[in-house]
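Scroll down for the structure; my scribbles are underneath it.
The values are calculated or read from the model by the stated rules, or taken from the named source; none is laboratory data. Keep in mind it's a predicted model, so treat the numbers as computed, not measured. Cβ atoms come from the backbone with ideal geometry, glycine included; neighbour counts cover every protein chain shown. SASA here: full protein model, heavy atoms, side chains in, ligands and nucleic acids out. Shrake-Rupley method; radii C 1.70, N 1.55, O 1.52, S 1.80 Å.
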Amino acid sequence: MYYAYKYRLKPSDAHREELDRHRDICRQLYNHTLYRLNEYQDEHDELPSMTTLRSELPDLKKWWNGLSDVYSKVLQTVVERLFDNLKGLSKLKENGYDVGQLKWKPPREFRSFTYSQSGFKLDKKGGQTVLSLSKLADIPIRLHRAIPDVHKSDSSCAAHQKPPISEDDATLKQVTVKKEPTGEWFATFGVEMDREPPELPENPENCVGIDVGILKYAHDTDGMAVGSLDLSDERKRLEREQRKLSRKQHGSNNYENQRRRVAECHADLRRKRRDFLHKLSAYYAREYGLVAVEDLNVKEMMESPSNSRNTASAAWRTFLSLLEYKCEREGTHFVAVNPRGTTKECASCGVSTDKPLWVREHSCPACGFEADRDANAAWNILSRGLEDVGVGYSESTSSEPVGSDGLRKSRSDFRTPVETALPVDTPVSAKRVVEAGSPTLKERTASTVSE
């Protein structure tokens, strides 16, 4: 298993100047390699191999003085980066997209370089932790958590404890140094864990279906409705700073300073949103044995003329991606089901009923089942997820599921009948998720202390 750990660097002014110089040399090498690739293709009517272009690096150092100042492995990863971009274009073309050609990178579009396999190490110097980069500098780093992160479970997760990650099983494969638009520098370590993901349980006990939305970010089958993160103040600040930027003369020092403030507003929005999504996805991955969600096509939803801004701000695809890899890490079933009809279909009897978006309650005309619109959708999502995984199904030829008591159950038992539907939805503010790290952490902690 491969993980990435990101940390903030604290470079001095001299370090920043040297980091920018190495970054610009890598950018120039990338552009030169792209030029040689196009030249080779014109001469031989085929693309060169990555080995062919990497073999030219020693000859380049003979006349390119600055190239010898950069670690050799970093230069090799620049060539690999070009071919990775080519593979990305090829995949887009195979999927039917109209793609062009790779272009030269201007300084503001080439922000990172990578040390692979060697040339870097963490060290202690002057009473602080530094990242030693070969041929560059010893840069102070803020290690807010250990590398690798030792997985610890609290008492509330005792039933779902996973084996800890031993540091002996982890290998640092590479480190990528990146400059953000705000001017901050970060180091991202690639860590390879020498262990297989936990085995998925055959019959998970705790299963949950999640319906994501805008007014309520997540509504699950346990009756918990997590509110959306309120970023209105941050958006107003961003809009205010963008208006100030539009009044600055392009290219001036004032313009550059204001551009950095706008970048800081964007970074503030992005960090708060990802912090919320990380904590919410980690909660579901650790607390449940099976998580069922909708396989949403967010791109098509973004192309809709209405509500596209709120759709983009919700970042549903990011949430599903985070949830998927966390479920794999925790040994939890992750099921993405077809979202078509989950809102219209009755969770009790399966009859579809058309309802406009502004109707927030589900009332089935066939069986009389009434529930919150999102709660009804969450139960449909869970039902479809159980069917896709085949959880609880007998080995006989019958397609009916069998419960833990050995009795054959009907499909409505998985959908929940009217009398056992969500008793009362539990609203949870996004602020609680951000502050406590879990929608229900405070309640579990209070109950544990009282016991």
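What the table below lists for this structure:
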{"read-out": "Looking only at segment 159-198, and only at residues there that are among the aliphatic types (A, V, I, L, M) and modelled with pLDDT under 75, the one that is least open to solvent (accessible area, probe 1.4 Å)", "value": "Ile165"}
{"read-out": "Cβ-Cβ under 8 Å pairs, at least 6 apart or on other chains, segment 310-330 side without any contact (Cβ under 8 Å) to a residue 24 or more places away in the chain, far side in a helix (DSSP H, G or I) and open to solvent by 50 Å² or more (accessible area, probe 1.4 Å)", "value": "Ala312/Met302"}
{"read-out": "Residue selected from segment 286-311 under the condition part of a helix (DSSP H, G or I) and closer than 26 Å to Tyr3 by Cα, by the criterion modelled with the lowest pLDDT", "value": "Val298"}
{"read-out": "Elements of type helices (runs of 4 or more DSSP H) contained in segment 29-134, each with 2 or more residues being closer than 27 Å to Leu9 by Cβ, among the aliphatic types (A, V, I, L, M) and in contact (Cβ under 8 Å) with a residue 40 or more places away in the chain", "value": "72-94"}
{"read-out": "Qualifying residue in segment 313-324 (condition: touching a Ser or Thr at 6+ places or on another chain (Cβ under 8 Å), among the small types (Gly, Ala, Ser) and not in a helix (DSSP H, G or I))", "value": "no"}
{"read-out": "Looking only at segment 341-362, and only at residues there that are open to solvent by less than 40 Å² (accessible area, probe 1.4 Å) and either among the acidic types (Asp, Glu) or not in a loop (DSSP other than H, G, I, E, B) (or both), the one that is modelled with the lowest pLDDT", "value": "His362"}
{"read-out": "Filter result for Ala282 (within 25 Å of Glu387 (Cβ to Cβ), modelled with pLDDT under 95 and within 20 Å of the chain's Cα centre (by Cα))", "value": "no"}
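Each row is one residue, and each column tells you yes or no for (1) surrounded by 11 or more Cβ atoms within 10 Å (Cβ to Cβ); (2) at pLDDT 85 or above; (3) touching a Lys or Arg at 6+ places or on another chain (Cβ under 6 Å); (4) under 19 Å from Val70 (Cβ atoms).
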residue	(1), (2), (3), (4)
Ser112	yes, yes, yes, yes
Leu143	yes, yes, no, no
Asp154	yes, no, no, no
Cys157	yes, no, yes, no
